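Undergrad: Questions regarding the structure given below will be posed in turn.
The values are calculated or read from the model by the stated rules, or taken from the named source; none is laboratory data. Since the model is a prediction, treat every value here as computed from it, not as a measurement. Cβ sites come from the backbone with ideal geometry, for glycine too, and all protein chains shown count toward neighbours. Each accessible area value is taken on the protein alone, full model and side chains, heavy atoms only, with ligands, DNA and RNA left out. Shrake-Rupley method; radii C 1.70, N 1.55, O 1.52, S 1.80 Å.
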Amino acid sequence: LDATKVLDPRWLKPDSIETEWVISVLDETIAKLELSCLILPILASLDRFSALLGPEITKNLTEHQKLSSKMEHLLASPEEEDAVRAEERRVSLCLLEQQLKSSVRNILRLLLANPSICKALKCEAGTREPPAEVFIKAFREFRNLMLERLLTNPTKEEEMVRFMEDVSLRIKKNTETVTASRAELLAAICTRDEEVQKKDNMIKGLKKSMQDLAENCKTDILQVKWEGEKQQKEELQASRAKCASLQQDIQQLRAQLKKLVLQHRASELALRKRKCRAETEILNWVQKYDADMAEKQAEYEEVHAAYTKEKAELSLLMEKHALLLQEYSQIQEERRIRQEKKKKALEELATMTLAATRIQAFWRGYLIRSTFKSKKKKKGKGKGKGK
């Protein structure tokens, strides 16, 4: 396995549409960030750029400048202590923020539709602000990092990690060996320096031991290297066999993934058609509902107008009814008084009639009795003369 390829995975090529989509989205975002950083310099010299931009973009930039001025004015104004005014100020800020976002999106859409204008603006607008430049640079690094992560499959990443661990372990072992050898060498040198005047004969022995030690160290280092290379070859063979097995598994999984993707796309297409039909049906129902509600609204307005008219007439009739009721009450009272007077008159008439009847009866009786008495007297006188 080539160590350069293990440590630098950028030699790989994109092998999926999803990776290209992600990278294209990041590139488009970087282009939009670069254009959005040019809005402030363009607004500062809008008269100079108006001929290049055209009336539509200039109009959108003017509206964006007005919204920015309103936002700055609201942010510069002191905060209200009143809760209602503070809430109104917060709502105004949220609304202006949404309008500013929408305005920036419209401006970027119009600018991206004219690549020549974008290129000319990048040449004439000058350098960007340092914070914007730092942010765009960081976003480019994020894009490169994302590309590297997308192009590095898990197998290669595991191989790289294992390779780095093996190299680190070998370096650590060699470093420990060299450190031990240097420690022994320093100890020997210190011992020699201390006894140089007393034991001249021991210097030769120490030099010889140092040479032997160096040779032994070289031999140990060569042996460690040989064992490391042997272990590396064995691990490389095992890794290649494992890679072949994993490659077969990857091919099978890719075939399954492709099959699933086709199935899911067919399912998605069917769901999209179903969604489209549902949206069309919903739109028809909404239009029908709107038409029915319009008719109902017209009918309601007509009924409401008639109701208002009848209510006014009812009010007039109620007023008339109140007047008539008052007059009726007065008439009833007068009628009651007349009936009472009439009843009283009738009672008096009945009493007088009864009295007159009794008087007349008494008088008739008196007359009859008087007549009978006179007849009896005449009859009595006639009988006396006959005798």
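Undergrad: Restricting to the stretch 307-349, give me the number of residues that are among the small types (Gly, Ala, Ser) and open to solvent by 100 Å² or more (accessible area, probe 1.4 Å).
TA: 0
Undergrad: Here is a follow-up. Quick check, is Ser77 open to solvent by less than 70 Å² (accessible area, probe 1.4 Å), in the same structural domain as Glu28 (by the TED database) and more than 23 Å from Leu35 (Cα to Cα)?
TA: yes
Undergrad: Tell me, which residue of the stretch 205-247 that is of a type in the set (Asp, Glu) and open to solvent by 80 Å² or more (accessible area, probe 1.4 Å) is nearest to the chain's Cα centre (by Cα)?
TA: The extreme case among them is Glu234.
Undergrad: Just checking, does the stretch 1-15 include any residue being of a type in the set (S, T, N, Q) and either at pLDDT 75 or above or open to solvent by 100 Å² or more (accessible area, probe 1.4 Å) (or both)?
TA: No: the stretch 1-15 contains no residue that is of a type in the set (S, T, N, Q) and either at pLDDT 75 or above or open to solvent by 100 Å² or more (accessible area, probe 1.4 Å) (or both).
Undergrad: Within the stretch 40-59, work out how many residues are in contact (Cβ under 8 Å) with a residue 40 or more places away in the chain and surrounded by fewer than 12 Cβ atoms within 10 Å (Cβ to Cβ).
TA: So the answer is 1.
Undergrad: Here is a further query. Do any helices (runs of 4 or more DSSP H) entirely within the stretch 39-90 hold 3 or more residues that are within 27 Å of the chain's Cα centre (by Cα) and at pLDDT 80 or above, and if so, which?
TA: It comes to 55-76.
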